[in-house]
Structures are given as C-alpha cells and as structure tokens.
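Undergrad: Here you go, one structure.
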Amino acid sequence: MIAVCSVAATAWLAARTTSSAIQQEQGQLLSSDTEIYDTVIGYAATHPSWNGVAPTLRRLAERTGRRVTLTTQSRRTVAASSVTTAALPVRASAVVDPLHTDPALLPGGGTDRIDPRAVGPYRLTAAERKNLRQWAGKILACLRGTTGAATLTEEASGRPVVKLPDSALDGSFVDQGCGLDELSVPVGTEIGPLDRLNTMVNDCLERQRQPGVKFGMDFVIRTKGDAQTAHTCLDTARRDQLTPYVAPAALLFVTTPTGSAAAPGFRFTSANTAHLAGVAGLVLLVTVAVTVVVGTRLVRPLRALADAARRPVAEHQRVPVTTNDEIGYLAAAFNDLSQRRERLEGQRKAMVSDVAHELRTPLSTIRGWLEAVQDGIATSDQALVDSLLEEALLLQHIVDDLQDLAEADAGQLRVHPEPLRVRDLLDHVATAHQARADTAGVSLTTRVDGDPELSGDPVRLRQVVGNLVSNALRHTPSGGSVTLRARRAGDQVTIEVADTGTGIPAEDLPRVFDRFWRAEKSRSRRTGGSGLGLAIVRRLTEAHGGTVTVTSTVGAGTVFTVRLPV
C-alpha cells in the first residue's frame, strides 16, 4: 500500500506537470494553426489570385514559429514563408478555399461554408458606405428609443447592419417608423450582381421543376417549394458568382521550421523541473518515514510470536491480537494452535493415565492370584484358571481396542467394502447378542423398512452395531427393550440403536465418543466397559464415509444413529 501510494502520488504530480506543459503547448499550436488558416483564407477571400501572398506568409511564420507553405492541388509550390526548400508532408494541414471553409478551423464561416469576407462584386464604394452609415446611425438612434438597446456592425462588403437585442427577437418587435427594413434595400453596386444571382438561382430551380424565388441582400430564401433544393441552388450560384473574385483553392502545409509535420518539441522549464524533483523527494521522504513506522509495528508482534514459540510447551504462551491484518490472523492462529496443543497435551496425559488404569486392574488381579498360588495360599484348580483366563481376555480386549484406535489415528485403518444387505447385518448382530439380552431380561428386536443395501466392510460394520447394542444392553434395566432399526433415506442408509435405559444427561452428550469416558465415574470396567467402544464406533463409521450421532433423555432412553452412504 505504501509503495502504491508513493508511486501513485509521484505519477499524479508528474502527470499534472507534464499535462499542464503539454496543454499549454497544444493550446499555442492550436491558436497558431487557427491564426494561420484564418489569415490565409482571409487573403484568398479578398484577392482573385495568390500573387503577393508571400509577405503575409512570412509574417505568420515570424509570429508563430512555424513554416507555412501554399501549393496547388497538384502540390506545386505557390508561396512559402521561407526561401529554403523542404520536403512537404504526405498530408496537407488544410485546404484553403474561401468558398468551402473548414468549420473546425473557421467556426464563423456559416452553414453554407462560404467565407463571409468573400464579397466579390458586392463590395460597396466609399460613397455608398458613407451614405449607408449615416442612414444606419439615424435608424440606430431611433431604435434605441424604442427597444432600449441596439448595436451597429459592418459586413465585409461595407454594408452596415443593425443588431437588435435578444429580447426584441421573440417576434413582438415592431419597427415604429425607424426604417430598419429600408436599410436592407440594395444600393447601386449591389443591384446588378443581386439580379444576376436571382436569375441564376431561378434557372436552377426551373431545371428542378421548382417554383421561382426572390431574395434580398440577406440571401434568405422563402419558398413554397423544396427549401433544400432552393438553398442548394443558392449556394451553387453564389460560389459560381464569387469564383472570379477569390483565389483558387490551395493546399496549406504548416510544419516545423525544418519541414517536419510533427509539432515542435517542448521542454520543461527550470521551475517545472525543480517543482517535480522537490515533490518526488518529498514523496520519497514520506514513504521512508511511513515504511519505518509500519515496519516497526509489523516487527513487534512478530517478535512476540517468536518469543512465545520458543517457550516450553508447559507454559502454553498466548500473544495478544492487536491488529486485524495478516499479523493479527497469524497471532490468532498461533493462539489457536497453542490452545489445541494444550488440549492435546491434556488428552495425552489423560489417555496415558486411563490406559494405565485400565491395564492395571486385570494385571493386578492376575498377579495377585499367581502370587497366591506360588505362596500356597490358593490352589490352582479349574475355577482359578477360568478366572485368570477371563482377566486375560479382558486385557486382550482392551489392547485390541487400543490397536484399532491407533490404526485409525495413523490413517492405517483399512476397510474392505462389499455389497451387503442391511437386514442380514442387523439379524446377525441381534443373534450374537440374543443370549446376553435374555440373561439381562431385555427385549432385543430388529425392524427394517424395505430391503436397503449398501457397500461396506461387513466385519467392521458388525463391530459398529455390536458395540452400540452391547452398550445399550449394559445400560438398559431388566424389563426394558433394545430396538435395531434401519431404513434408506435418499443416498444414505440410516441405522438406529434405541434403548429404554437410564439415558445420558445433556451436558455429557458431547463427550460420549471420547476415549475412556464414562457417564458415571464410579462404574468399574466390568460394569461400565473399557470406555473405548463408542470411540471405535465413531472412527469406523468415519472410515466408511458416514457419521454417528446420539440423542438421549434421562430416564427414558438413548438413540444412537449411524448414517452411511449407499
């Protein structure tokens, strides 16, 4: 962000300075080009040829610093601002034709694109100008008494024109005897050319089968026929009439003094250069200062993380989360890792203690009886052998369970899936536990909706359901019932083991699948199991891609639900 801001600030300031210089230069070039075009086309509009235009081109070159060259349409040089020759660009800067002006370079040329300075035969004599100016002065004085304001201008032909204010142009103006309309009446010099122009326009309209027209010195046509055709005829007739009085069309080339078509280069002034360098230095200084401050803030929590990571595991050091950025996320992740490490360490200690406790009981029993036989206190009869064998089998059961969990933790627990019917699975488990259920006085039944099938390891799944049934029988009093239910729901098969036993308190439900956990701490291994059965159920279910959940109500019973993908 610091780098982006510093680069953006420097680029913005450099762009502003450069843009200002470029705009200034472009403005000067545009102004120069407009001045050159206006002057040259003005000369063409007032002269029948290009003879004598060279001094005008030289003056323009001196004022603008450009090289100005005029050529014919065939690119033969007519006049140039410099006597030295230079190759002309491929494309001309403009076409100089007072009867077809360029609206972009001469906005005031009018819609007919005829230069208003091209008046030809309509140029008034000195006497006519004087008389019309006196007459216009009287009209102007009269109008100012009625309209409140009016101005007097003069056209290129020398004819004066009275301009009314905008408020008088809304159609409500009435000439109260000032004679404004009479000022537009043609005078002697204008009568002949105007009549010839009317004749030329009407001949054109007659060829187009349009009605004739009559117009005055304002060249405004009012016709009942096609107005577009009438204006086209008027423009054509005016150009034909003015052609002998204006210079022929020429190509205008505006180049650098060396003859290049490109605009002359520009350089930064010393003030702009110093300003740009100073601003860049200031931005660099601010960037360094901000980087040092931000870098210090970044390093401080990193050092705290490093110190905390080097502390012994037993201290479980935490670091404060002071920011909401990547460093803050790292500190939060470190605290979470430290918390999990503390929890895992506690679980490891608890598991070691639980394993030692679970193994100590059968081992102590076996050792006690063997020492009694050795000392002659007990007799090695069949009953003693059966008791020691039972303790050895319990010990073997615990070791086997621990091995299954160790394989699951290491990711080495393998399942061998094959197609199987859920009904057969539940019947097999029920048959295996039926004798124990009868002994406990508990009703053991199965109920399967339809005939669902799935792909799974039959040995491992019998272990899952068998552990749940064994657990249910252990916690269901005489006269109760244990029910195995199965059904298919979408792309899953749901297996439920429901009992009417003592139930599990709500606060203990989250821990039922923990290893060596018993709801009643006072229960022994014989009455409460090893505490590994439900943990094995969860790991085997997960190995099949399924889930196991439990719901329970104290005094009413418990339901374990296993969901397996088909």
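Undergrad: Less than 24 Å apart at the alpha-carbon level, and either on another chain or at least 8 residues along: which lysines does that give for LYS349?
TA: Those lysines meeting the cut-off are LYS521.
Undergrad: If the cut-off is a Cα-Cα distance under 19 Å, which lysines reach LYS214, setting aside same-chain residues fewer than 8 apart in sequence?
TA: Reachable lysines: LYS224.
Undergrad: Also: Relative to the Cα centre, what is the charge dipole magnitude of segment 414-456, using +1 at the beta carbon of each Lys and Arg, -1 at the beta carbon of each Asp and Glu, and rounding to the nearest 20 debye? Please list the in-between numbers first.
TA: Details: 5 positive and 7 negative charges, 36 e Å.
It works out to roughly 180 debye.
Undergrad: Highest first, please rank the peptides 539-552, 294-307, 195-208 by the mean number of other Cβ atoms sitting within 10 Å of their residues.
TA: Values: 539-552: 17.8, 294-307: 12.9, 195-208: 15.8.
Ranking, from highest mean packing down: 539-552, 195-208, 294-307.
Undergrad: Another question about this same structure. From the phi of every residue in segment 76-85, what ³J(HN,Hα) in whole Hz does the Karplus formula 6.51 cos²θ - 1.76 cosθ + 1.60 yield, where θ is phi - 60° and glycine or proline is x?
TA: Once rounded to whole Hz, the list reads 8, 5, 9, 7, 8, 6, 10, 6, 6, 8.
Undergrad: Additional query: How much solvent-accessible surface does TYR329 expose, in Å² to the nearest 10, with a 1.4 Å probe and all protein chains in place?
TA: We get 130 Å² for TYR329.
Undergrad: Could you tell me the calculated FRET efficiency between GLU507 and THR431, based on Cβ-Cβ distance and R0 = 41 angstrom, to the nearest 0.05?
TA: Details: r = 36 Å, r/R0 = 0.88.
FRET efficiency, GLU507 to THR431: 0.70.
Undergrad: How much FRET efficiency would the formula 1/(1 + (r/R0)^6) give for ALA406 and LEU285, where r is the Cβ-Cβ distance and R0 is 45 Å, rounded to 0.05? If you can, show how the numbers build up before the last one.
TA: On the way: r = 63 Å, r/R0 = 1.40.
FRET efficiency, ALA406 to LEU285: 0.10.
Undergrad: Heads up, I need the accessible area for PHE560: 1.4 angstrom probe, whole protein in place, Å², nearest 10.
TA: Accessible area of PHE560: about 10 Å².
Undergrad: Can you pull the one-decimal nm distance between simple spin-label points at VAL95 and ARG318, each 7 Å off the Cα toward Cβ?
TA: 8.6 nm
Undergrad: How much net charge surrounds PRO103 when only the other residues with a Cβ under 12 Å from the Cβ of PRO103 are counted, with Lys and Arg +1 and Asp and Glu -1? Write down the numbers at each step before the final one.
TA: Values: positive: ARG113; negative: ASP102, ASP112, ASP115.
That sum, taken over residues with Cβ under 12 Å, equals -2.
Undergrad: What full-extension length gain, to one decimal in nm, is calculated for VAL185 and SER31 as 0.36 nm per residue of separation minus the Cα-Cα distance? Present the calculation step by step, with values, prior to reporting the outcome.
TA: On the way: separation 154, 0.36 × 154 = 55.44 nm, distance 3.86 nm.
Here the answer is 51.6 nm.
Undergrad: Mind ranking 456-467, 330-341 by how tightly packed they are, going by the mean number of other C-beta atoms within 10 angstrom, highest first? Please report the intermediate quantities before stating the final value.
TA: Details: 456-467: 20.4, 330-341: 14.4.
So the order, starting with the most tightly packed, is 456-467, 330-341.
Undergrad: Would you please classify the overall shape of segment 440-494 from the alpha carbon gyration tensor, given that a ≥ b ≥ c denote the square roots of the eigenvalues, rounded means a/c under 1.5, and beyond that prolate means a/b larger than b/c while oblate covers the rest?
TA: Values: a/c = 3.18, a/b = 1.73, b/c = 1.84.
Oblate, because a/c is 1.5 or more while a/b does not exceed b/c.
Undergrad: Could you pull out every one of the lysines with an alpha carbon less than 19 Å from that of LYS163, ignoring same-chain neighbours closer than 8 positions?
TA: Filter leaves LYS130, LYS138.
The values are calculated or read from the model by the stated rules, or taken from the named source; none is laboratory data. The model shown is predicted, which means the values in this text are computed figures rather than measured ones. Cβ sites come from the backbone with ideal geometry, for glycine too, and all protein chains shown count toward neighbours. For the accessible areas, the whole protein counts, side chains as well, though only heavy atoms, and no ligand, DNA or RNA atoms are used. Shrake-Rupley method; radii C 1.70, N 1.55, O 1.52, S 1.80 Å.
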